[in-house]
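The values are calculated or read from the model by the stated rules, or taken from the named source; none is laboratory data. These numbers were taken from a predicted model, which means no experiment stands behind them. Backbone-built Cβ (ideal geometry, glycine too); neighbour counts: all protein chains shown.
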Amino acid sequence: MRILSGIQPSGSMHLGNYLGALRQWVEGQSSDAFYCVVDLHALTLQIEPEKLREQTTDLLATLIAAGLDPEVCTIFIQSQVPYHAQLNWLLECVTTYGELSRMTAFKEKSQRQEGFRVGLLTYPVLQAADILLYQTEFVPVGDDQRQHLEMARTIAERFNNRFGETFRVPVGTQPKVAARVMDLQEPTRKMSKSISSPLGNLHMFDAPEDIRKKISKAVTDTDGEVRFDWEKKPGLSNLLEIYSSLSGETPEQVAGRYTRYGELKTDLSELVVTTFAPMKQRYEELLLDPGNLYKIAANGAEKASDVAGVVYRRAANAMGLSG
Ligand code: TYM
């Protein structure tokens, strides 16, 4: 079962990244699973070179600390496998400006950036290249990536129709709960590395006192009844989904055990603290030896290149390129 997914080195990982994506990655890891730190995608942000390097190192440590085992799956850095950028170009030539400019993420992000970069527009094509290069069957991602996944499927189908059967058409997978973790302060908006307020965004490796503070201050409602109801109680339902995702119960079962928001918040804080404490310790140890992290990434890039090179050449030949 071929799996590929990616994450941007654009800041420390939050609970949404972990519950929506990374946990699925850990569960699905095998010799057929490829996970990449998408540093080329991060160039679409305003990011200092030093910061990008630091965040890439940090993310490698986070992925391994969260349970990805480089002996089991392939962990690599996107820019270390040049086929990603190469296939990106080929795929840009089968994608239209119209379909890219209609993507929701592009519309939102281009409004926030003055003189936005072309990379922001073509971002989903590079993502399609990431996926299609590995003949991927399943792409474990959070709910916010659905549209990008659809684009990758469209590009694969179009390419196959025009140039002959080349790519497998991938399928996105989301977890049953917590596929879209919301901002703790604005529960109608997703938790996000780039725009959440400091109190709205819970990082995996926040200090325990910050975790407690953020959860205790999480916005709920005033009617006081503990019930799972996204429409009427988005703040509380978000907390219930996070809880349920960590405890393995359903959100309704969790809700049934509480009569007061305060008790639910206290127990949830402890659950989050105890879940991440061992990972945090491992993360800090791993960061002491960045050389080892880059050795792991270089091995991963070698394995990834073996697979990606074959697929790239097949696609290039299908289009009539001689290289
Ligand atoms: P990125 O770096 O924004 O997020 C990484 C993963 O975390 C998930 N996620 C969430 N899940 C639940 N709730 C949230 N609030 C939340 N926020 C983020 C995302 O869905 C994602 O799975 N474009 C991608 C990176 C990418 C990629 C790929 C993914 C590049 N190439 C190929 C899959 C396959 C992105 O920006 O993810």
Margin query: Against the conditions (1) surrounded by fewer than 16 Cβ atoms within 10 Å (Cβ to Cβ); (2) within 23 Å of SER192 (Cβ to Cβ); (3) within 14 Å of the ligand (Cβ to nearest atom), where does PHE116 fall short? Just the number, please.
Written below: (3)
Notebook entry, point to check: When the stretch 125-175 is examined, which residues are found to be under 20 Å from LYS190 (Cβ atoms), in a helix (DSSP H, G or I), in contact with a helix residue (DSSP H, G or I) (Cβ under 8 Å, 6 or more places away or on another chain) and more than 8 Å from the ligand (Cβ to nearest atom)?
Noted result: GLN147, MET151
Check: Among GLY164, GLY172, which is crowded, with 19+ Cβ neighbours inside 10 Å and either small (Gly, Ala, Ser) or over 26 Å from ALA318 (Cα atoms) (or both)?
Finding: GLY172
Notebook entry, point to check: Here are ALA156, ALA178: which of them is within 20 Å of THR96 (Cβ to Cβ) and of a type in the set (Gly, Ala, Ser)?
Noted result: ALA156
Check: When the stretch 184-198 is examined, which residues are found to be crowded, with 18+ Cβ neighbours inside 10 Å, more than 8 Å from the ligand (Cβ to nearest atom) and either among the hydrophobic types (A, V, I, L, M, F, W, C) or more than 19 Å from ASP221 (Cβ to Cβ) (or both)?
Finding: LEU184, SER196
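Here's the yes/no breakdown for (1) among the charged types (D, E, K, R); (2) within 20 Å of LEU22 (Cα to Cα):
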residue: GLU249; (1), (2): yes, yes
residue: VAL254; (1), (2): no, no
residue: THR259; (1), (2): no, no
residue: GLY262; (1), (2): no, no
residue: THR266; (1), (2): no, no
residue: GLU270; (1), (2): yes, no
residue: THR275; (1), (2): no, yes
residue: MET279; (1), (2): no, yes
residue: ASP289; (1), (2): yes, no
Notebook entry, point to check: Got at least one residue in the stretch 26-45 being surrounded by fewer than 22 Cβ atoms within 10 Å (Cβ to Cβ), away from the ligand (no atom under 15 Å from the Cβ), β-branched (Val, Ile, Thr) and modelled with pLDDT of 95 or more?
Noted result: no
Next item on the list: Filter the stretch 240-264 for residues that are in a helix (DSSP H, G or I), farther than 19 Å from GLU225 by Cβ and small (Gly, Ala, Ser) and give the result.
Entry: SER245, SER247
Notebook entry, point to check: What residue, of ASP229, ASP221, ASP267, is in contact with a helix residue (DSSP H, G or I) (Cβ under 8 Å, 6 or more places away or on another chain), modelled with pLDDT of 95 or more and outside any helix (DSSP H, G or I)?
Noted result: ASP229
Check: Looking at GLU252, GLU263, which is the one that is within 23 Å of THR188 (Cβ to Cβ) and surrounded by fewer than 20 Cβ atoms within 10 Å (Cβ to Cβ)?
Finding: GLU252
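In the stretch 50-103, how many are in contact with a Lys or Arg (Cβ under 6 Å, 6 or more places away or on another chain) and either assigned to a helix (DSSP H, G or I) or surrounded by fewer than 20 Cβ atoms within 10 Å (Cβ to Cβ) (or both)?
Adding up the residues that qualify gives 2.
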Margin query: Return the residues of the stretch 181-205 that are in contact with a strand residue (DSSP E or B) (Cβ under 9 Å, 6 or more places away or on another chain) and either without any contact (Cβ under 8 Å) to a residue 40 or more places away in the chain or in a loop (DSSP other than H, G, I, E, B) (or both); say none if nothing qualifies.
Written below: VAL181, ASP183, THR188, ARG189, MET191, SER192, LYS193, SER196, GLY200, ASN201, LEU202, MET204
